[in-house]
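To start, the structure itself, in structure tokens.
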Amino acid sequence: MTEKVDVYTDGSYFKTTNRGGYGVVILYDDQHVELSRGFLNTTSNRMELMAVIVALERIEEFINGYEITIYSDSKYVVNAVDKGWLESWAHADWKRTTGRELKNSDLWQRFYPLMMTHKFNLKWIRAHNGHRLHDRADKLAYNSANGKRFRKDML
């Protein structure tokens, strides 16, 4: 029997303060792990992507061989994987098909090897739909973006 891991991710961003944060809830066996962090000088898309990256990096530390499902309300992240954009960017040396610079290429380059290493399903979930665990990830992201401790993002 394959063990399962469910992961709920979210990012938050306040344009007025240029601060953001991510929130992650990981469920496996009888464990419930929560991760969050705030950043200065970031964007909403970076925080959404960062949440998925941090979740996969954390899973890599303590879970091996599990069936992983990641739920994200970011079409930016989900479409990049599902529509093959990420593969195209990787093969185009992290540039867009037009040759223009790829936004967030530093994070996509961090994400890509994780995607190649782990077998996971990435599923889109509607934001603020009343799902308890996704709402928790949203609250973690919001609180970290609105908190007092921040790292400077690499923008």
Checked against (1) of a type outside the set (A, V, I, L, M); (2) in contact (Cβ under 8 Å) with a residue 24 or more places away in the chain; (3) out of contact with any Lys or Arg (no Cβ under 8 Å at 6 or more places or on another chain), ASN129 satisfies every condition except (2)
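Rundown of residues vs (1) under 14 Å from the mean Cα position of the chain (by Cα); (2) buried (at least 17 other Cβ atoms within 10 Å of the Cβ); (3) polar (S, T, N, Q), yes/no style:
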site: ASN45; (1), (2), (3): yes, yes, yes
site: GLU48; (1), (2), (3): yes, yes, no
site: PHE111; (1), (2), (3): yes, yes, no
site: LYS123; (1), (2), (3): yes, no, no
Screening SER74, SER36 for residues that are surrounded by 16 or more Cβ atoms within 10 Å (Cβ to Cβ) and either in contact with a strand residue (DSSP E or B) (Cβ under 6 Å, 6 or more places away or on another chain) or basic (Lys, Arg) (or both) leaves only SER36
Checked segment 121-155 for anything touching a helix residue (DSSP H, G or I) at 6+ places or on another chain (Cβ under 8 Å) and either assigned to a loop (DSSP other than H, G, I, E, B) or at pLDDT below 90 (or both); matches are ILE125, ALA127, HIS128, ASP153, MET154, LEU155
Using the structure shown, decide if SER105 is closer than 17 Å to ALA141 by Cα and either touching a Ser or Thr at 6+ places or on another chain (Cβ under 8 Å) or surrounded by fewer than 20 Cβ atoms within 10 Å (Cβ to Cβ) (or both). no
Log entry, pairs with first residue in segment 1-29 being in a loop (DSSP other than H, G, I, E, B), second being crowded, with 21+ Cβ neighbours inside 10 Å, beta carbons closer than 8 Å, six or more apart or on different chains, reads ASN18/THR42
Suppose the filter is surrounded by fewer than 16 Cβ atoms within 10 Å (Cβ to Cβ), touching a Leu at 6+ places or on another chain (Cβ under 8 Å) and under 24 Å from LEU140 (Cα atoms); does GLU61 pass it?
no
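The values are calculated or read from the model by the stated rules, or taken from the named source; none is laboratory data. This structure is a prediction, so every number in the text was calculated from the model and none was measured. Reconstructed Cβ throughout: ideal geometry from the backbone, glycine too, with neighbour counts over all protein chains shown.
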